[in-house]
Amino acid sequence: MRAKVVMKRPESLSKVGFTYCPGCHHGIVHRLIAETIDELEIREKTVIVAPVGCAVFAYTFFEIDGTVASHGRAPAVATGMKRARPDRIIFTYQGDGDLAAIGTTETVHAANRGENITVIFINNAVYGMTGGQMAPTTLIGQRTTTTTRGRDPKTAGYPIRVCEMLSQLEGPTYIERVTVDTPQHVMKTKRAIKKAFENQINGDGFSLVEVLSACPTGWGLPPEEAVRWLQENLMEFYPLGVYKDKKSRIKEVGNGRDRSLLKD
Amino acid sequence: MGEKILAKGNEALGEAAIRAGCRYYFGYPITPQNEFTEYMSRRLPEVGGAFLQAESEVSVVNMLYGASCMGVRVMTSTSSPGFSLMQEGISYIAGAELPAVFINVVRGGPGLGDIQPSQGDYLQATKGGGHGDYRLIVLAPSIIQEAIELVILAFNQADKYRTPVEILADGMIGQMMEPVELPEMRSLDKLPEKPWALTGAKGREPNRLTSFDLDPHNLEKMNLRYQAKREKIIANEQRWEETNVEGADILVTAYGTVGRIMKTVIELAKKKSIKVGLFRPITLWPFPYKRLEELSKEADTVLTVELSGGQMLEDVKLAVKDNAKTPFYGRMGGVVPTPEEILKQIEKLVKERGRV
């Protein structure tokens, strides 16, 4: 009997086992990135800048060169790398605390310079690694270990919509929000990630893909319920869609005039 | 050495860095070192390099981290408050064992302080600054020509030991003009190989550079490696200058700008028949403890003069032990003492000793 390979580990994933919890979406996104790197044949010139957070070990999960930035500084580290070696493909992989709280400055300015890098932004509305504290993207009323009665905007402010905020800048080339709750959305996420890498290869500038992700442990929900919570709450507050695409022929995209184009 | 020119300190240092093979500079405006940043913004594109004005010193240090990961020579210049902001990143650079060169044109502090010359950042420079067990190589020039030579040394040592190196200058060196001789342009082909750099896992296992290991036993191993490097630097890299130390009536220790002022003090003292010896550390870390200890055995008094409340004084006392008295004279907040002022202190000490 001859076996036919229908599925295999992408070459760009290492053999190190993931450290993520059951039902966590990091693993799916990692695989999509690895498949993209394989398909674009850039494994031997791609470098990952991992964050501080649950994905701190991401630099060991990919079979590529990599480092870990200090908390929030990945876009600055990636900037240094890209300026020194413009012919290499540099991507950061960051969570919401890393990218939208402590690293807001680095994110905004790398985007505004149109830095030719790729940013993969995992938004699960909670600090996972440190045990489920409030994140900048935590929803109003959402319970975390530091907002046990639910996030109250009077004392804790409002959730930040990163794609909407960054799409106001002239610098970025491509900004899209996606999710991985269904096979259809997983495929869409793959296309977005691939586009974000292709933009860099073509020298088109800053691309950011925000992936709404489940954190069953941080949310205190079983994996299945976590996906439902993501669909009913996160996707409600954070609409999927393309927020900016300088390369697109549809000029209205991202300028806020036609919200229907921003919807999935 | 190449051509001789009249140059402002900040610009001469910038040109020295480029000739040492540095093509990447990230910076943020802060007085009194802005001419350095401005010079690099003009000059680097001419030599095929890249200049970037970052959004903060926090970003600057992380851009250095990133560029250094790629195996290139990279640097920044800043002044005290900016250097404080960089401490987190410097700790990561030390932990990931990346070469990088920092020029700190020290100004009066603490806090916003002022923009005048100061030596108030000695302890920050030599005893750590950021978190964790690491040291920077700290070089203290006293004239521009020496600063040029130390910039070149800084890049070589950063590569050799895979460590951050700090040049501790002050506004005096940055702002003054002197005739200097610049080195020849170093060919980039002749820079040291860096097989550890993150240039892409082509035909080899992936390179991974971090300051991170959650297993305490592995992290201890990393720390022991840093310590072994530290011992090696201490053994090989101590630098200092001795002037007039044989049979001196009094030995003075001073570094940087004060070391320069002391040369005038020595001449003034000669006219009053006082023989003043000068011990000027050039590496503040590793501090030349052993040589100062030897000299202190022949001395009665080792006076330390600083633009601070007495920071290097702690290292002087560690070296001198009970061999001699260790008085201190310092001015703070950006005030620079005149040679006459220092001479007065010396005369007082020599007179006191006469009474014993």
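Laboratory data are not the source of any read-out in this text; all were calculated from the coordinates shown. No experiment lies behind these values; they were computed from the predicted model shown. Every residue, glycine as well, gets a Cβ built from its backbone with ideal geometry; the counts of neighbours run over all protein chains shown.
Taking the Cα centre of the protein assembly as shown as the origin and placing charges on Cβ (Lys, Arg +1; Asp, Glu -1), which of A:84, B:5, A:25 is farthest toward the positive end of the dipole? The listed residue farthest towards the positive side: A:25. Placing +1 on the Cβ of every Lys and Arg and -1 on the Cβ of every Asp and Glu, with no other charges, gives segment B:1-115 a dipole of roughly 280 debye about its Cα centre. Name the residue farthest towards the positive end of the dipole of chain A from the options A:117, A:220, A:56, assuming +1 on Cβ of Lys and Arg, -1 on Cβ of Asp and Glu, about the Cα centre. Final value for the positive-end residue is A:117. Distance between the C-alpha centres of segment A:102-141 and segment B:114-139: 32 Å, rounded to the whole angstrom. Among B:5, B:143, B:250, the ranking by other beta carbons within 10 Å of each residue's beta carbon, starting with the fewest, stands as B:5, B:143, B:250.
Along the axis of the charge dipole computed for segment B:141-288 (Cβ charges of +1 for Lys and Arg, -1 for Asp and Glu, origin at the Cα centre), the listed residues B:259, B:244, B:152 are led at the positive end by B:152.
When only the Cβ of Lys, Arg, Asp and Glu is charged (+1, +1, -1, -1), the dipole of the protein assembly as shown relative to its Cα centre reaches about 680 debye.
Within chain A, the longest run free of GluC sites (Glu not before Pro) that sit in a DSSP loop with at most 11 other Cβ atoms within 10 Å is A:42-169.
The Cα atoms of segment B:72-116 cover 33, 18, 8 Å along the three principal axes, with the biggest extent listed first. Label-to-label distance, residue A:154 versus residue B:4, with points set 7 angstrom from Cα along the beta-carbon direction: 7.7 nm. Excluding residues fewer than 8 places away in the same chain, name every one of the lysines whose C-alpha is closer than 28 Å to that of residue B:4. Of all the lysines, those that pass the test against residue B:4 - Cα under 28 Å, at least 8 places apart if same chain - are B:190, B:263. With each label modelled as a point 7 angstrom along the Cα→C-beta vector, the residue B:177-residue B:232 pair spans 4.4 nm. Stokes-Einstein diffusion of segment B:137-187 at 25 °C, 0.890 mPa s viscosity, Kirkwood radius from Cα pairs, rounded to a whole number: 209 µm²/s. Using 0.36 nm per residue and subtracting the Cα-Cα separation, the extra length available between residue B:271 and residue B:47 on full extension is 75.6 nm. Placing +1 on the Cβ of every Lys and Arg and -1 on the Cβ of every Asp and Glu, with nothing else charged, gives chain B a dipole about its Cα centre of roughly 500 debye. Mind checking segment B:1-104 for GluC sites (Glu not before Pro) that DSSP puts in a loop (not H, G, I, E or B) and that have at most 14 other Cβ atoms within 10 Å? Taking segment B:1-104 and a limit of 14 other Cβ atoms within 10 Å, the loop GluC sites (Glu not before Pro) found are B:3. With all pairs of separate Cα atoms included, segment B:201-293 yields a Kirkwood hydrodynamic radius of 16.8 Å. Over segment B:20-165, the reciprocal of the mean inverse Cα-Cα separation, the Kirkwood hydrodynamic radius, stands at 15.1 Å. Potential lengthening of the chain between residue B:213 and residue B:338 amounts to 39.9 nm, from the contour at 0.36 nm per residue minus the alpha-carbon distance. Each part gets one Cα centre, and for segment B:278-324 versus segment B:7-59 those centres are 34 Å apart. Summed over all non-identical Cα pairs, the Kirkwood treatment of segment B:258-356 gives a radius of 14.0 Å. Here the extension length gained between residue B:351 and residue B:297 equals 17.4 nm, from 0.36 nm per residue of separation less the Cα-Cα distance.
Taking chain B as the reference, fit the longest principal axis to its C-alpha atoms, fit the long axis of helix B:216-236 to the helix C-alpha atoms, and give the angle between the two in degrees, 0 to 90, nearest 10. Once rounded, the angle reads 50 degrees. Calculated translational diffusion coefficient of the protein assembly as shown (10 °C, 1.306 mPa s; Stokes-Einstein with Kirkwood radius over alpha-carbon pairs) equals 60 µm²/s.
Here B:346, B:30, B:173, B:234 are placed in order of increasing Cβ neighbour count within 10 Å, fewest first, which gives B:234, B:30, B:346, B:173.
Enumerate the lysines that residue B:351 could reach by cross-link, defined here as Cα to Cα under 17 Å, with residues fewer than 8 away along the same chain left out. Straight-distance partners of residue B:351: B:270, B:271, B:272, B:275, B:325. Which values of log₁₀ I(q)/I(0), to two decimal places, follow from the Debye formula for chain B at q = 0.07, 0.09 Å⁻¹ with a uniform point scatterer at every Cα? These q points yield log10 I(q)/I(0) values of -0.31, -0.50. At the listed q of 0.15, 0.24, 0.25, 0.27 Å⁻¹, the Debye profile of segment A:83-157, built from one uniform point per Cα, gives log10 I(q)/I(0) equal to -0.59, -1.06, -1.11, -1.21. In summary, the convex hull built on the alpha carbon positions of chain A has an orientation-averaged projected area of 14.9 nm². In terms of its Cα atoms, segment A:1-134 spans 58, 38, 19 Å along the principal axes, sorted from long to short. Under the criterion of Cα pairs below 8 Å and six or more residues apart, the relative contact order for chain B equals 18 percent.
Across segment B:146-228, the fraction of Cα-Cα pairs farther apart than 23 Å, rounded to a whole number, is 48%.
In this label model, residue A:11 and residue B:184 are separated by 4.4 nm, measuring between points 7 Å along each Cα→Cβ vector. By the count of neighbouring beta-carbon atoms within 10 Å, fewest first, B:217, A:25 end up ordered B:217, A:25.
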